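S.K.: Dumping the structure here so I can ask a few things about it.
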Amino acid sequence: MTIKRKLEENFFRGLSAIFTLLIVFVLLHIIWSIAQKGISALSWQMITQEPKGGFYLGKEGGILNAIAGSFYLAIAATLLAFVISLPVALFMNIYLIKYRRLLLGIRFFLDVLWGVPSIVYGAFGFVILIYLGLRTSLGAGIITVAVMIAPIMIRAMDEVLKTIPIGLQEAAYSLGSTKTETAYKVFFRQALPGFATAVLLAFGRGIGDSASVLFTAGFTDYTPAKLSDPAATLPLSIFFQLGSPVDEVQNRAYASAIILVFIILAISISARFLSGFSKNNQ
Amino acid sequence: MVTAISNTSPETVTVTIPVSQPIVNISNLHVYNKKEQILKNINIGIPKNKITVLLGPSGCGKTTLLKCLNRLTDLHSDLKLSGSITIDGDDVLNTRNDITRIRQKMGLLLQRPYPLPMSIYDNIAYGLKLKGITNKKIVSQKVEKHLKEVALWDEVKGRLKSSAQSLSIGQQQRLCLARGLAVEPEIILADEPTSALDPISSRVIEEEFLRLRNDYTIILVTHILRQAKRIADYVIFMYYGEIIEYGEAAEIFDNPHTDILKEYLKVGH
């Protein structure tokens with residue numbers, strides 16, 4: 001019996017360790033293979049210039065248009081999503097706190113939206129565009145991405161707000177706060193570190209997504225100057241560069257991937273740093 | 001003279017005690033949740049500027065009764081209230097009354113401190129601003145006054161702008177008391193306010209209550225018998241959602257009428 005339990009223990013511990021190593025290995029391998037192929041094409045020019053020199057997306061110049069497009073799009077979409085998400089998350093946790101069944105329903109609904117593939121949002125955005133008689137543009141991309149990341153942001157904020165003890169709410173009410181005051185003066189501050197993480201999580205999803213912007217933001221070889229301009233994005237520039245028959249352009253796809261991975265890594269690290277930092281300071 | 005109890009349960013003893021000016025009047029209060037009745041026909045007057053202790057075993061409805069007084073029961077959808085509670089003439093359970101104003105008549109101290117996520121200074125100033133006091137000079141005078149009132153001023157005067165979370169838990173609880181006093185309530189509701197505190201911090205809170213009794217009505221929920229004996233003027237003994245006995249502390253402790261209370265006092269020693 002003891003030998004059997006010992007074997008069992010060792011077996012499952014070993015299994016867990018192997019799978020853990022495997023998943024870390026796969027991640028490192030992805031980064032390694034992107035780096036291997038892309039590092040030769042990566043240059044200062046790549047991140048400071050717009051594409052030049054012909055073939056579809058250019059062998060010369062850089063992908064500044066896509067970097068700028070991605071940042072414009074992700075930042076504006078995140079801001080827009082924040083404006084929508086903050087009241088919703090606070091509403092759920094302050095006004096609807098009594099209605100447990102309704103809350104369960106809303107959370108379920110948001111989780112489903114979270115799981116909807118981004119191409120569906122893209123198609124949805126496209127249909128709306130046609131209906132309104134607009135063309136692909138930065139503005140349309142921003143709205144589509146905002147709609148896509150809002151459920152993520154709401155649920156992430158909601159999870160933070162759920163951890164706030166009922167005692168704090170009681171304390172705020174006992175001082176004579178209204179619900180709105182409790183929401184924006186007490187809960188908002190209490191949840192701020194967690195909100196930073198929620199915002200950056202949504203931002204990361206927004207900047208890395210390609211399918212939602214495929215039909216809505218379009219693609220160009222110049223940096224958008226206004227909301228009605230079409231905008232290039234990093235994921236789509238990887239997609240189009242990989243599709244090119246020219247080797248040099250293909251290698252540039254990997255260089256673009258390095259840049260994208262680097263941006264997302266930087267966001268993740270700052271999310272960690274921010275939440276840790278403000279937790280210590282509260 | 002006010003008849004404090006008019007309960008019909010066979011275990012209940014009707015006690016008539018002199019309540020000269022009851023500040024809180026509870027009549028025919030019933031509280032149900034989905035499955036059971038949590039409070040059964042509560043009828044009681046709570047005297048002004050005294051410490052009234054709600055005593056009884058866990059789960060007997062003490063905390064629910066306390067939270068009915070400032071309608072924090074609103075936070076729970078499954079609680080249904082009937083009956084009436086008047087505080088200083090205001091009908092608490094009437095939803096047409098401005099509950100935020102009524103709540104400001106009562107400071108609240110919970111089982112553990114919940115400082116607001118802001119500085120020590122702003123924790124006190126928050127309630128003042130809700131009352132419409134915006135003059136900076138008056139606000140800072142009041143902050144100082146109320147921090148002195150709970151004997152916290154000397155410990156924090158050098159770091160008023162630092163986070164309230166940086167205080168020890170005993171200091172946080174005193175800050176919460178000061179925060180409650182800043183809205184100038186008439187009543188202090190305290191729900192086992194020393195249960196998370198070390199003995200020394202607990203003693204500080206108890207001494208605070210004894211001092212505040214001159215100006216405030218204090219309603220204290222506790223299951224610590226010795227604490228009740230140390231500070232209570234009046235005792236309400238509850239059991240399974242009912243008030244079993246109510247009277248002056250000395251009378252309740254020295255001359256219990258019901259078997260339940262006798263047993264509770266015996267075991268509690």
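Every read-out reported here was derived from the displayed coordinates using simple, explicitly stated rules and does not represent laboratory data. The structure presented is a predicted model; accordingly, all values stated were derived computationally and were not measured. Methodologically, a virtual Cβ is constructed for each residue, glycine included, from the backbone with ideal geometry; neighbour enumeration extends over all protein chains shown.
S.K.: For chain B, how big is the tail of P(r) above 36 Å, as a whole percent of Cα pairs?
M.R.: Values: 5126 of 36046 pairs.
Tail of the P(r) past 36 Å holds 14 percent of the pairs.
S.K.: For chain A, calculate the relative contact order in percent as a whole number, restricting contacts to Cα pairs under 8 Å that are 6 or more residues apart.
M.R.: It rounds to 28 percent for chain A.
S.K.: Which residues' amide hydrogens lie under 5 Å from the amide hydrogen of residue B:221, considering only partners 5 or more residues apart or on another chain, with H built in the peptide plane?
M.R.: Hits under the 5 Å cutoff: B:54, B:190, B:191, B:192.
S.K.: Mind checking which of B:69, B:95, B:57 is farthest towards the positive end of chain B's charge dipole, using Cβ charges of +1 (Lys, Arg) and -1 (Asp, Glu) about the Cα centre?
M.R.: Value: B:95.
S.K.: Take the Cα atoms of segment A:1-80, build their convex hull, and give its volume per residue in Å³.
M.R.: Taking only Cα atoms, segment A:1-80 has a hull volume of 164 Å³ per residue.
S.K.: Treating only the Cβ atoms of Lys and Arg (+1) and Asp and Glu (-1) as charged, compute the dipole magnitude of chain A about its Cα centre; round to the nearest 20 debye.
M.R.: The calculation lands at about 920 debye.
S.K.: Something else now. Going through segment B:154-260, which trypsin sites (Lys or Arg not before Pro) have at most 14 other Cβ atoms within 10 Å and a DSSP loop state?
M.R.: B:161
S.K.: Kindly write out, for segment A:206-218 in residue order, the coupling ³J(HN,Hα) from the Karplus curve 6.51 cos²θ - 1.76 cosθ + 1.60 (θ = phi - 60°), rounded to whole Hz, with x marking Gly and Pro.
M.R.: Calculated HN-Hα couplings, in order: x, 6, x, 8, 10, 5, 5, 9, 3, 9, 9, 8, x Hz.
S.K.: Now, a different point. When all alpha-carbon pairs of the protein assembly as shown are counted, what percent fall beyond 35 Å?
M.R.: Within the protein assembly as shown, distances greater than 35 Å cover 54 percent of Cα pairs.
S.K.: Gap in Å between the Cα centre of segment B:195-217 and the Cα centre of segment A:3-31?
M.R.: With segment A:3-31 and segment B:195-217 each reduced to a Cα centre, they are spaced 56 Å.
S.K.: Taking the Cα centre of segment A:161-282 as origin and charging only Cβ (+1 Lys, Arg; -1 Asp, Glu), how large is the dipole, in debye to the nearest 20?
M.R.: Values: 9 positive and 7 negative charges, 123 e Å.
The calculation lands at about 600 debye.
S.K.: Given A:104, A:88, A:132, which one lies farthest toward the positive end of the charge dipole of segment A:1-139, if we put +1 on the Cβ of every Lys and Arg and -1 on the Cβ of every Asp and Glu?
M.R.: Most positive-ward Cα: A:104.
S.K.: Ok, one more. Gap in Å between the Cα centre of segment B:28-50 and the Cα centre of segment B:114-176?
M.R.: 33
S.K.: Something else: As I understand it, the dipole of chain B uses +1 on the Cβ of Lys and Arg and -1 on the Cβ of Asp and Glu, about the Cα centre. Which of B:234, B:30, B:188 lies farthest toward its positive end?
M.R.: Highest projection toward the positive end goes to B:188.
S.K.: Using only DSSP helix segments of four residues or longer, with each worth -39500 (n - 2.57), what per-residue ellipticity at 222 nm results for the protein assembly as shown after dividing by its residue count and rounding to 500?
M.R.: Only helices count here, giving -17500 deg cm²/dmol.
S.K.: Another one. Run the dipole for the protein assembly as shown about the Cα centre, Lys and Arg Cβ at +1, Asp and Glu Cβ at -1, nothing else charged, and hand back the magnitude in debye, nearest 20.
M.R.: The dipole magnitude comes to about 500 debye.
S.K.: Here is a follow-up. Once the mean 1/r over all distinct Cα pairs of chain A is inverted, what Kirkwood radius in angstroms do you read off?
M.R.: Details: mean 1/r = 0.0469 Å⁻¹.
After inverting the pairwise mean of 1/r, the radius is 21.3 Å.
S.K.: Using the structure shown, list the pairs from B:62/B:229; B:67/B:137; A:185/B:137; A:98/B:40; A:98/B:34; B:80/B:266 with a Cα-Cα distance above 25 Å, or answer none.
M.R.: B:67/B:137; B:80/B:266
S.K.: For chain B, give me the percentage of DSSP beta bridges that are antiparallel, rounded to the nearest 5 percent.
M.R.: 60
S.K.: Another question about this same structure. Using only the alpha-carbon atoms, what does segment B:90-168 span along each of its principal axes? Please give whole angstrom values in decreasing order.
M.R.: 44, 32, 21
S.K.: Where in segment A:140-237 are there trypsin sites (Lys or Arg not before Pro) that are in a DSSP coil and have at most 10 other Cβ atoms within 10 angstrom of their Cβ?
M.R.: Passing both the DSSP loop test and the Cβ count: A:226.
S.K.: Run the numbers on chain B and let me know its relative contact order in percent, using alpha-carbon pairs under 8 Å that are six or more apart.
M.R.: Worked out over chain B, it gives 27 percent.
S.K.: Now, a different point. Just to check I understand the Karplus step: with θ = phi - 60° and J = 6.51 cos²θ - 1.76 cosθ + 1.60, what whole-Hz values come out for segment B:104-115, glycine and proline as x?
M.R.: Per residue, the Karplus-derived 3J(HN,Hα) values read 6, 7, 10, x, 10, 10, 9, 4, 9, x, 10, x Hz.
S.K.: Could you tell me what percent of the DSSP beta bridges with both partners in the protein assembly as shown are antiparallel, to the nearest 5?
M.R.: The answer is about 60 percent antiparallel.
S.K.: Another question, then. Relative contact order of segment B:157-222, please, whole-number percent, based on alpha carbon pairs below 8 angstrom and at least 6 residues apart.
M.R.: After rounding, I find 39 percent.
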